[in-house]
1. So if each residue of separation counts as 0.36 nm, and I subtract the Cα-Cα distance between Arg71 and Val13, what length gain in nm does that give?
2. Please compute the net charge surrounding Leu93, taking Lys and Arg as +1 and Asp and Glu as -1 over other residues with Cβ under 15 Å from its Cβ.
3. Within 10 Å, count the other beta carbons around each residue, average over each peptide in 9-22, 93-106, and list them highest first.
4. Counting only protein heavy atoms and a 1.4 Å probe, tell me what percentage of the chain's accessible area is made up of carbon and sulfur.
5. Taking R0 as 25 Å, what's the FRET efficiency between Ala23 and Ala55 from their Cβ-Cβ distance, rounded to 0.05?
6. Restricting to Cα pairs below 8 Å that are 6+ residues apart, what does the relative contact order work out to for region 1-63? Please round to a whole percent.
7. Using only alpha-carbon positions, what ratio does the radius of gyration of region 14-119 give when scaled by 2.2 N^0.38 Å?
8. So which DSSP H runs in the chain come out at 27 Å plus along the axis (Cα) with average Kyte-Doolittle of at least 0.5?
Amino acid sequence: MGRPTKAPEEQRVNGPNPRMTIAERVEVEQHAAILGISPSDFMRRRALSYRLPAALAVQRHVAALAVALLRIGVNLNQIARHMNAGRGAPPELLALIDRINALLDQIYGLGDNGMRAQL
């Protein structure tokens, strides 16, 4: 089963073919490549003031930070279970807190606590 056809008013069949210099076309293509979208999508979004997606490098960096925070959250949950069972804090707790603070510094900037409680 194929994709359903769009209504005629939703189809993008006709479009302006803007005249550009080679340098302008290269610049549009570079911006589009950085954002991971086609040049025509880039021009449409810019012309209609639509929101542009974050750059691919930023998206990958945010995803990597999210994965790192997820792993730390799992470790923190295990430590909380350990402590709630009546045992003391494990020795790696301070190292884990330092890793959390380092990741949050990468997100919010060094020295800015991002309105978060200091761990």
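1. Gain on stretching Arg71 to Val13: 16.3 nm.
2. Values: positive: Arg81, Arg87, Arg99; negative: Glu92, Asp98.
Net of charged neighbours comes to +1.
3. Going from most to least packed, we get 93-106, 9-22.
4. Details: 5530 of 9730 Å².
It is 57 percent, rounded to a whole number.
5. 0.70
6. Details: 26 pairs, mean separation 13.2, N = 63.
So the answer I get is 21 percent.
7. In units of the 2.2 N^0.38 Å rule of thumb, it is 1.73.
8. TM-like helix candidates: 56-84.
The values are calculated or read from the model by the stated rules, or taken from the named source; none is laboratory data. It should be emphasised that the depicted structure is a prediction, and the values quoted were computed from it without experimental measurement. In this analysis, Cβ positions are derived from the backbone assuming ideal geometry, glycine residues included, and neighbour counts consider all displayed protein chains. Just so you know, the surface numbers come from the protein's heavy atoms only, side chains and all, with ligands and any DNA or RNA stripped out. Shrake-Rupley method; radii C 1.70, N 1.55, O 1.52, S 1.80 Å.
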